[in-house]
Structure formats: C-alpha cells, structure tokens
Amino acid sequence: MTVYFIGAGPGAADLITVRGARILARCGVCLYAGSLVPRDLLEECPPGARLVDTARLDLDEITAEFVRAHEEGHDVARLHSGDPSVFSAVAEQMRRLDAHGIPYEIVPGVPAFAAAAAALGRELTVPTVGQTVILTRIAQQATPMPPGEDLATLGRSGALLVLHLAARYADRVVAELLPHYGADCPAAVVAMASRPDELVLRGTLADIADRVREAGVVRTAVIIVGRTLAAEQFPDSHLYSTTRDRTHAPCDTGA
C-alpha cells in the first residue's frame, strides 16, 4: 500500500501527467480537494473507488483516511492542485505518514505559475532582462512568513515575482512593491488558469489592483510582477547562437 501525492495540475483535467493519470486509475481510494481539483479527473478513478473530498477535513481527519486505507490495503491517490512541491501542505502530511510507517511517493504536476505564463503567452525568463523567478505569497490570515521573506525584502532583488494566494490583497502587494519596481512595471493576474473560466488581467503596478477589484478576483489566482512580462527588445539567447560550440553538446541546455 502506498499514498501517492499527485499533482493534478492547474485546473484543466488533461493537464495531469500521464504518470499521475495512470496511478489515479488504479488506486482504491482518492482524496481530493473538491474546491480545487476538477471533477472530470475523478472519472479516471477505478469503479468502486472510495472518493473523499478533503475540503472540509482537518489534518487529523485526512491522516485517519490514510491510516484506514493502509489497514485495508488500498493504495491512495492524494490529488493536489498544481504541483505538490509548492504551497500544497504536503510536508505536514508526509510527516504524519512517517509517524505511522505508511509509505508514500510524490508525482509532480503542472504548477499554477506555468499555466499562468502559458495563458499570458510569455516566457518568464528572458535574456538580459530577467533570469530569476521568485515564487512566494504574503502572510494575511495565514501562516506567518519567515524572517526576510516579506515582499519589501524580496522586491529589492528586482526579480520576477509570482505571488500565490494574494489576489484578495492586491492593494497591499502593489503598495509594498512600488518602491522597488516602479509604477510602470508590468503586472498581470491570471485566475482559474487553464480552466474554461480562465481570466487574464494585464496592466502595470499603477493599475493592476484596480483591475483585480473591478473583475472581482479574490481566489484561485496568481499575481505576476516583473519586466520580462513586457520584454520585446532583448538579445537572442546563447542557446541557439551561431557562435556556440556544439561539438560536444549532447542536448539543448543553458541560456
């Protein structure tokens, strides 16, 4: 028996990985967040599988489901939106499984920021403009941020910022980033990325908070701020340059 933490992707049911879909199709138990995981994915579960919506369950109740499945000898598909490696609360679940001696495995998924970049039609890293992406959030009615990870500190880097769980607080995000990025810095908000009701808002730090407010976006969205969002005049990367020595290049890597 194994618990599989599966990245269900950003929303579209067909953005789950092939590996994730194959594992889901053979697990006798599926735990999923009903408010985030597309219902279409549940159709991939085998007939008779026990489906458990965790939207209203606390950690102890979720752990109890793992233990029950373990005692019954059922593999568990634990579906998480996006990719389990960021903002998924997987670490605390794995800690509980370790305490119970229950084996588990992580199956990566398509993260929300990747789906948002696709919706915007942008590469987030552009030669000479920006080569660093910071994934973060803000502490507002949530677990406090560690020292040194506040927006004012991160903003000093000038790197492209992707903020999860922050759309409701767009005004605060703008206020903290303006001194470092400037009012003309490109900004965007993508809500429900990859879903039929996907919403893309484009602007700058000067107006993005107003756009968010007018659209009524409060959840299931990422805020992206950085110069690469509007970069047009930049040199081609070294990757495909005619001056690059390809004599011993086994694959296309590097910038």
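Nothing in this text is a laboratory measurement; each read-out follows from the coordinates by a stated rule. What you are looking at is a predicted structure, and each value in this text was computed from that prediction instead of being measured. Neighbour counts are summed over all protein chains in view; Cβ atoms, including those assigned to glycine, are modelled from backbone coordinates with ideal geometry.
Name the residue farthest towards the positive end of the dipole of the chain from the options V212, V225, P144, assuming +1 on Cβ of Lys and Arg, -1 on Cβ of Asp and Glu, about the Cα centre.
V225
Between the stretch 139-200 and the stretch 80-94, what is the C-alpha centre distance in whole Å?
The distance from the Cα centre of the stretch 139-200 to that of the stretch 80-94 comes to 20 Å.
If each residue's Cβ is checked for other Cβ atoms within 10 Å, how do D171, D83 rank with the fewest at the top?
Sorted ascending by nearby Cβ count, the order is D171, D83.
Kindly provide the pair-distance distribution of the stretch 73-206 built from C-alpha pairs, with 5 Å bins from 0 and whole-percent values in order of increasing distance.
2, 8, 16, 20, 19, 15, 9, 6, 4, 2, 0, 0
How far apart, in nm, are the 7 Å Cα→Cβ label points at R22 and D150?
Label at R22, label at D150, 4.9 nm between them.
Hey, got the dipole for the chain? About the Cα centre, +1 on K and R Cβ, -1 on D and E Cβ, debye to the nearest 20?
It comes to approximately 180 debye.
Under a point spin-label approximation (7 Å from Cα along Cα-to-Cβ), what is the R168-L51 distance to one decimal in nm?
2.7
Calculated FRET efficiency, A91 and D184, Cβ-Cβ r, R0 30 Å, to nearest 0.05?
It comes to 0.20.
Consider the candidate values (i) 0.96; (ii) 1.02; (iii) 0.92; state which one is Rg/Rh (Cα atoms, Kirkwood Rh) computed from the structure displayed.
Entry (ii).
Calculated from DSSP H runs of 4 or more alone, at -39500 (n - 2.57) each and per residue, what is the 222 nm mean residue ellipticity of the chain, nearest 500?
-7500 deg cm²/dmol
Using the Cα centre of the stretch 3-107 as the reference point, and only Cβ charges (+1 on K/R, -1 on D/E), how large is the resulting charge dipole? Debye, rounded to the nearest 20.
It works out to roughly 140 debye.
Would you be so kind as to identify which of A193, L154, V133 lies farthest towards the positive end of the dipole of the stretch 112-230, taking Lys and Arg as +1 and Asp and Glu as -1 on Cβ and the Cα centre as origin?
A193
Using unit Cβ charges (K, R positive; D, E negative) and no other charged atoms, how large, in debye to the nearest 20, is the dipole of the stretch 112-230 about its Cα centre?
140
Figure the gain on full extension for D245 and S35 (residue separation times 0.36 nm, minus the Cα-Cα span) and round it to one decimal in nm.
Difference between extended and current length: 70.6 nm.
Report the one residue of I102, F113, T2 whose Cα lies farthest in the direction of the positive end of the charge dipole of the chain (charges on C-beta: Lys and Arg +1, Asp and Glu -1; origin at the Cα centre).
F113
Starting at the first residue of the stretch 80-95, write each ³J(HN,Hα) from the Karplus equation 6.51 cos²θ - 1.76 cosθ + 1.60 with θ = phi - 60°, in whole Hz, x for Gly and Pro.
10, 5, x, 10, x, 6, 9, 6, 10, 6, 6, 4, 6, 5, 5, 4
Helix 59-72 against the longest principal axis of the chain: what's the angle in degrees, Cα atoms only, rounded to the nearest 10?
It is inclined by approximately 50 degrees.
Looking only at trypsin sites (Lys or Arg not before Pro) in DSSP loops with at most 15 other Cβ atoms within 10 Å, what is the longest site-free stretch of the chain? Spell out each step's value before the answer.
Working: sites that count: R26, R56, R156, R219, R244, R246.
My reading of the result: 57-155 is the longest stretch.
Using the basic label-point model (7 angstrom from Cα toward the beta carbon), what is the T132 to E198 distance in nanometres?
According to this spin-label approximation, the distance is 2.9 nm.
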